[in-house]
Amino acid sequence: MLLSFCFHSMGETVFWLKLLYQLGLLCFFSFYFWIGDKEFPLV
């Protein structure tokens, strides 16, 4: 019982870490392109 609970919480932790990681990458890239667009206009 306890073992399955530990595995379940571990899976949830990994899931949240992946989600936060992807959100961080998304924010970083959008910010990077926003700054790049301001510094070097593409149009």
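Computed from the coordinates by the stated procedures, all read-outs in this text should not be read as laboratory data. Since this is a predicted model, take the numbers as computed values, not measurements. Don't worry about glycine lacking a Cβ; one is built from the backbone with ideal geometry, like all the others, and counts go over all protein chains shown.
Counting each DSSP H run of 4 or more residues in the chain as -39500 (n - 2.57), what helix-only mean residue ellipticity at 222 nm follows after dividing by all residues, to the nearest 500 deg cm²/dmol? Spell out each step's value before the answer.
Details: 1 runs with 38 residues, N = 43.
Result for the chain: -32500 deg cm²/dmol, rounded to the nearest 500.
So for the pair Leu25, Leu2, with labels modelled 7 Å out along Cα→Cβ, what separation do we get in nm?
3.7
Could you give me D for the chain, from Stokes-Einstein at 4 °C and 1.567 mPa s, where the hydrodynamic radius is the Kirkwood radius over C-alpha pairs? Units µm² s⁻¹, please.
101
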